[in-house]
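One structure below.
The values are calculated or read from the model by the stated rules, or taken from the named source; none is laboratory data. Quick caveat: nothing in here was measured; it's all calculated off a predicted structure. Here Cβ is always computed from backbone atoms with ideal geometry, including for glycine, and neighbour counts include all displayed protein chains.
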Amino acid sequence: MKIVIISDIHGNFDALSALPESYDELWVLGDLVNYGPEPGPVIDHLKSSAAVIVRGNHDHSVGYHEGPRCSPPFRLLAEATGRYSDSTLTFGHKHFLRSLPLHEELERGGTRFYLCHAIPSDPLFGYCEAESHRWIQELGDLRSDIVLVGHTHVPVVRAVGNRMLVNPGSLGQPKTGSPNARYAVWENGRIELKSYPYNFEATAEKVQALPIQSALRDELCMILRKGEIPPMRNNQEAQ
């Protein structure tokens, strides 16, 4: 069986629709909306193509009209694009976001998986860097072989005790120093981090048409083009 794992699409339908990988199942680790220009097409596409989707903090924010609890430098971006997402999504879209589970526990091919957006103890908002010793505590009571998380936009495969921690990185707003979309593939017991190019300039053009402040549009486009957060934000936490 071949499973493609994606996360943090953030309304970037250009990146999502360019996914080059075939799969038996597509798993999504949350944050379908906000920051990007096409939250509706992203939801529609994943409703029909994804086997499993868990709820991210931005999905929760739009679905329940609550703040996504971003770090201070990202609040303006989240608030502005959140208002746009709220205005353009239908009642059905928002109901779908509300209905997404906070976590899933699945078994495929004899391998047990645990899926959430952030961390098991705080699946929407918790922030934990890949190298943190906190993961030992977070994963200690889980009855899973592989734990799949997103939220940080940073891809990682790391052994934590007898479990494997995997973050596929962000499909729609990567933070790897490259604009390429990031994802992971699990096939026949092997996990691999992968990436691919897409037409990010087309996405940037759509961002420039958003009804938000021009400075915020420019910043979102810069993130798309460079695949990194501005230097003044490198030490901030969650998106």
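Laid out as a table, the results:
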item: Residue match in segment 54-74 (condition: out of contact with any Gly (no Cβ under 7 Å at 6 or more places or on another chain), touching a residue at least 12 places away in the same chain (Cβ under 8 Å) and aliphatic (A, V, I, L, M)); result: no
item: Close pairs (9 angstrom Cβ cut-off, 6 or more residues apart or separate chains): closer than 26 Å to residue 226 by Cα in segment 153-171, among the polar types (S, T, N, Q) and part of a strand (DSSP E or B) anywhere; result: 153/167; 154/167; 155/167; 155/195; 156/167; 157/167; 158/167; 169/195
item: 1 or more residues among the polar types (S, T, N, Q) and surrounded by fewer than 20 Cβ atoms within 10 Å (Cβ to Cβ): qualifying helices (runs of 4 or more DSSP H) within segment 57-101; result: 75-88, 91-99
item: Extreme residue, surrounded by the fewest Cβ atoms within 10 Å (Cβ to Cβ), among residues of segment 178-213 that are small (Gly, Ala, Ser) and modelled with pLDDT of 95 or more; result: 209
item: Scan of segment 27-56 for residues that are closer than 20 Å to residue 167 by Cα, surrounded by fewer than 24 Cβ atoms within 10 Å (Cβ to Cβ) and small (Gly, Ala, Ser), ordered by number; result: 50, 51
item: The lone exception for residue 39 - which of (1) within 14 Å of residue 9 (Cα to Cα); (2) at pLDDT below 95 it fails; result: (2)
item: Segment 113-159, residues that are of a type in the set (A, V, I, L, M), over 18 Å from the mean Cα position of the chain (by Cα) and either part of a loop (DSSP other than H, G, I, E, B) or modelled with pLDDT of 95 or more (or both); result: 142
item: Residue in segment 160-179 that is farther than 30 Å from residue 110 by Cα, part of a loop (DSSP other than H, G, I, E, B) and of a type in the set (A, V, I, L, M, F, W, C) present; result: no
